[in-house]
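Inspection log for the structure reproduced underneath, given as structure tokens.
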Amino acid sequence: ALEVARALADKPDASLSDVVRLGDTYASLDRYAEAADSYGRAIRQAERDPDARAVLGSLYMLRGGALERSGDWKKALPALSKAVALSPDDPTALNYLGYAQLERGQNIAKAAALVTRAAELKPDDPAIADSLGYALLLRGDVAGAVAALERAVAGQPDDPTINEHLGDAYWASGRHFEARYAWRAAAVLA
């Protein structure tokens, strides 16, 4: 699949879809730095095509996500910020940028605002509810965190990160027995 995707993307008349598909293929193989390079090429191609500018926010999101997963947060942050600037009502972009900053302890207030906005736009998304709960926990709203994280676990009970965050929130609320149960679930699922 990689060879086919590379061959299509290397053609002189390669379409934007061909270049994105190559990035997606690299990402599916956990080759995130190469995926980021392909998405960067797609961004440059889209910037030259007025008809493709509508997808620039998504392309920056893909590039930022690949950079973050490759361990290059220094380059990922501007790409993810650009994705949010281009698509300020995209809950996925808002959540990704917000949660990535929360994980790193950066810009907690701004990151919390991003995931709160994402939750307003997509209230039934378990990943976004997890981010919101984590943000609330970091900001000291333990009751709000527990409520958000219980919603997240109900929507995606097999996610180890969500269960871990719920355990943290239970512990902070004094519900130690439930915390240990949530952490065990996270360990089993990890």
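Can you tell me how much longer the chain between L2 and L121 gets when fully stretched, taken as 0.36 nm per residue apart minus their C-alpha distance, in nm with one decimal?
This chain segment gains 39.3 nm when fully extended.
With all pairs of different alpha carbon atoms counted, what Kirkwood hydrodynamic radius in Å does the chain show?
Numbers: mean 1/r = 0.0568 Å⁻¹.
Over the chain, the inverse of the mean reciprocal pair distance is 17.6 Å.
Report the label-to-label distance for D72 and R44 in nanometres (one decimal), using points 7 Å from each Cα along the Cα→Cβ vector.
1.3 nm
Mind pulling the angle between the C-alpha long axis of helix 142-155 and the longest principal axis of the chain? Nearest 10 degrees, somewhere in 0 to 90.
For helix 142-155, the angle is close to 60 degrees.
Given the options Y96, Y32, Y134, which has the most mean-square fluctuation in a GNM of the chain, springs set between C-alpha atoms less than 10 angstrom apart?
Comparing Y96, Y32, Y134 in a Gaussian network model of the chain, the most mobile one is Y32.
Which semi-axes, in whole Å and largest first, does the equivalent ellipsoid of the range 147-190 have when worked out from the alpha carbon gyration tensor as the square roots of 5 times its eigenvalues?
The three semi-axes for the range 147-190 are 15, 12, 6 Å.
Contact order normalised by length for the chain, with contacts defined as Cα pairs under 8 Å and 6 or more residues apart; what percent is it?
Contact order relative to length: 10 percent.
Could you give the length gained on full extension between S173 and A154, defined as 0.36 nm per residue of separation minus the Cα-Cα distance, in nm? Let's see the in-between values first.
On the way: separation 19, 0.36 × 19 = 6.84 nm, distance 1.90 nm.
Fully extending the segment from S173 to A154 adds 4.9 nm.
Taking the chain, how many lysine pairs are there with alpha carbons less than 23 Å apart, if each pair must be eight or more places apart or span two chains?
Count of close lysine pairs: 6.
Just order 138-144, 24-30, 54-60 by mean Cβ neighbour count inside 10 Å, highest at the front, would you?
Taking the mean over residues of other Cβ atoms within 10 Å, the ranking is 54-60, 24-30, 138-144.
Set the Förster radius R0 to 30 Å, insert the Cβ-Cβ distance between L29 and A187 as r into 1/(1 + (r/R0)^6), and round the FRET efficiency to 0.05.
0.65
Among L80, L94, L136, whose mean-square fluctuation peaks in a Gaussian network model of the chain (Cα, cutoff 10 Å)?
Maximum among the listed residues: L136.
Between A113 and A54, what is the FRET efficiency for a Förster distance of 30 Å, r being their Cβ-Cβ separation, to the nearest 0.05?
In this case the efficiency is close to 0.75.
Rounded to two decimals, what is Rg over Rh for the range 46-108 when you use alpha-carbon atoms and the Kirkwood radius?
Rounded to two decimals, Rg/Rh equals 1.00.
Since every read-out is calculated from the coordinates, none of them should be taken as a lab result. Small disclaimer: the values here were computed from a predicted structure and weren't measured. Every residue, glycine among them, receives a Cβ derived from its backbone with ideal geometry; neighbour counts consider all protein chains shown.
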